[in-house]
Amino acid sequence: EFLATENADFRTAEGVGPGVSIADAALIYGDPFFSYNTSNESREYVEFDLGPAENVGFRPRSASSPDGFAGIYVGQDEFNETEDYRGDAKIARVEVLTPRGR
């Protein structure tokens, strides 16, 4: 279970949310790492070295990419990851995982 938003009015405590460039988010949270898994509907995620928290996830997007991926991937396997990304890459969605059983 999770809560998700694509509304730019909602941000982390550090000011990162939908519409914020990956480059600006990296200034706050450190180096970004992009990944997607074809077994998970090829949903792309970006994680940062410094957080913000284990239960917060970011979905990136790039308008210049035909598939919308923000990361620049070499080849395609079931699980794909990269540190390279497009210059127009932004946070498109923030997801907050909720504890189960509440």
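The values are calculated or read from the model by the stated rules, or taken from the named source; none is laboratory data. These numbers were taken from a predicted model, which means no experiment stands behind them. Every residue, glycine among them, receives a Cβ derived from its backbone with ideal geometry; neighbour counts consider all protein chains shown. In case anyone asks, the SASA skips ligands and DNA or RNA and just uses the protein heavy atoms, side chains included. Shrake-Rupley method; radii C 1.70, N 1.55, O 1.52, S 1.80 Å.
Quick look at the numbers
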| quantity | calculated |
| --- | --- |
| Index of the failed condition, GLY17 passing every other in (1) open to solvent by 30 Å² or more (accessible area, probe 1.4 Å); (2) under 22 Å from PRO99 (Cα atoms); (3) not in a strand (DSSP E or B) | (1) |
| Matching entry among ALA92, ALA26 (being assigned to a helix (DSSP H, G or I), touching a residue at least 12 places away in the same chain (Cβ under 8 Å) and in contact with a strand residue (DSSP E or B) (Cβ under 9 Å, 6 or more places away or on another chain)) | ALA26 |
| Long-range neighbours under 9 Å by Cβ, at least six apart or interchain, first residue open to solvent by 100 Å² or more (accessible area, probe 1.4 Å) within region 74-86, second in a loop (DSSP other than H, G, I, E, B) | VAL74/ASP84; GLU81/TYR73; GLU83/ASP31 |
| Lone unmet requirement of (1) modelled with pLDDT under 95; (2) under 25 Å from GLU1 (Cα atoms) for ASP77 | (2) |
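Here's the yes/no breakdown for (1) more than 18 Å from ASN55 (Cβ to Cβ); (2) among the β-branched types (Val, Ile, Thr):
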position	(1), (2)
PHE2	no, no
GLU14	no, no
ALA23	yes, no
ILE28	no, yes
SER39	yes, no
